[in-house]
Structures are given as structure tokens and as C-alpha cells.
Amino acid sequence: MKTFFNGAVSESANPLPIDSSLLRGDGVFETILTIDQNVIAWDRHFARIQKSAAKVLISTPAKIDVELAISKILIDEIGRNRLRVICLGDGGWFLTLQPVAEISETATLTRFPYIKNSDSLIAGIKSLSYIDSITALRYAESSGFDDAIFINQRDEVVETGLANLVLLTDNGWVTPPLSTGCLPGITRELLITWFGIKESVFSYEDLLQAKAVYLSSSIRLLQRVNKIDQRLIPDNDEGSALLEAFESKILANINP
């Protein structure tokens, strides 16, 4: 892993200070796909981290300073990387960069047994206090699945531990609205803008009846779900077409 901290790029195993903000999980972050020296949807990601920081009353660095840091950490990089921009409650900030591991074409999901509170302070933001999502992921993996589905206090599907959800119904493509407490994902936002995907509340039972289900995130873009608990979900031509069209469009317009 490479880091950028205090003006310098490092590949040291321990480049970051152990300060109180980092220990408390007091901060917000963005996870962004980079391809070679290109940062995908950078303007949208920076706008989102500013909104997240404002919600929890912390500051963000100047955009130009982060951009200069990104240009330094991406020097000589080739291929796909996972860039994280981390802003701490004490005003500090840093970057990390790691190669993107190969992503499977399909994923399996299970229902997480704990409620996601859509009225929580950190609902809809990428907080360093990430224990809900990481625990959901551990729960899924311990049960033989890839990720877990969050349900809120109104029995509405929210998202998974690591991604937004997009599904094909008899009325077209839909995704949970922000009122459920889901993250306003950048890929989700672009799917709504570019392909007219609608926001719609639906239950876990509705999810099981979908013609196709996809995970959307900044790193995986779109990934087909082929199993939810005991229900197998077959491949779907409309889903394959959406995945191909989205990837083509984002690669042709890296900062939409």
C-alpha cells in the first residue's frame, strides 16, 4: 500500500500516526477507482466527502491540495487501484492507494439479522466508524456468502455492507431511495442520471422476486448477484446490457 501524508508519498509499512481521531474512527472517507493516472468521477467524490464532513462537523482540505497529492501518489501507476481520501476530525487528512484485486463476475448475498437505522447520524455517509458494514461482511462470509443485505426499521431494503443495490422489476430498474439510509453512491447516481433508473422502496420479499439484481459501487461498478440466501437468480440479458453500457460510458467519460 502507498500513502500520502504530510506532503510525502511513502510505501513504508507504518507511515501513519496513531492519533486520537484515527483511533476513535472520527472521520470520513471516499473510496475511488483510479485507472493508470485517471481518477474516476473525482468531482462527484470530492463533493460527497465535503457533504459527509459537514454532516459530522469536521473540515476538509482544499480541493487543489488533495488533487496535487493524488497526482503524486499516482505517478508511474498502471492499471486499476483503490484510492482512499481520509479526512479526520482533528483536521488531518491523508491518502492510501492499493491495487484492486480481481473482482468476481457474480456475488451471493444473505440477509443481515440486525437493523440499519435510517435516521442515524452516519446513515448515508462513509464514516470511518465502519463497524456495521465490516460486521455485515464478516457475518456474510461466515455463512458462506459474499455480502449481507441491510434492512431498516421500516422493513425496507437499504443496501449491502459494501454496495448499493439495483434490481430489475416488471416496472423497470429500481434502486432504494436515500430515505432508506443508503449511501448516495456515485455509481448509483450515474445510473439514475444516465439510464433513468428509478428510486423505489421495496422489501426483502420484493428483492427475492426481482428478475435481476446487481451491486453497484465505485470499485466494482456493477456486479451481478446470482444468489440471495436460498434463491438462485439467473443471468438476464437486460442486466448484461446495462453492465456493458455503464462500463463503456464511464470509461469514455472519466469525470462526469
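The values are calculated or read from the model by the stated rules, or taken from the named source; none is laboratory data. Note that this is a predicted model, so its numbers are computed, not measured. Quick reminder, even Gly has a Cβ in these numbers, built from the backbone with ideal geometry, and neighbours come from all protein chains shown.
So the values come out like this:
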{"quantity": "Residues satisfying the stated conditions in segment 144-199, i.e. among the polar types (S, T, N, Q) and more than 14 Å from L215 (Cα to Cα)", "calculated": "N152, Q153, T169, N171, S179, T180, T193"}
{"quantity": "Cross-chain or 6+ apart pairs with Cβ under 8 Å, segment 231-242 first and assigned by TED's automatic domain parsing to the domain that holds A210, then in a loop (DSSP other than H, G, I, E, B) and among the aliphatic types (A, V, I, L, M)", "calculated": "I233/A210"}
{"quantity": "Answer from I86, I75 - the residue that is at pLDDT 95 or above and farther than 26 Å from D26 by Cα", "calculated": "I75"}
{"quantity": "Conditions (1) without any contact (Cβ under 8 Å) to a residue 60 or more places away in the chain; (2) on the phi > 0 side of the Ramachandran plot; (3) not hydroxyl-bearing (S, T, Y); number of the one not met by G124", "calculated": "(1)"}
{"quantity": "Flag for L95 being farther than 17 Å from R24 by Cβ, surrounded by 19 or more Cβ atoms within 10 Å (Cβ to Cβ) and not assigned by TED's automatic domain parsing to the domain that holds P234", "calculated": "yes"}
{"quantity": "Residue in segment 182-201 that is out of contact with any strand residue (DSSP E or B) (no Cβ under 9 Å at 6 or more places or on another chain), polar (S, T, N, Q) and in the same structural domain as R111 (by TED's automatic domain parsing) present", "calculated": "yes"}
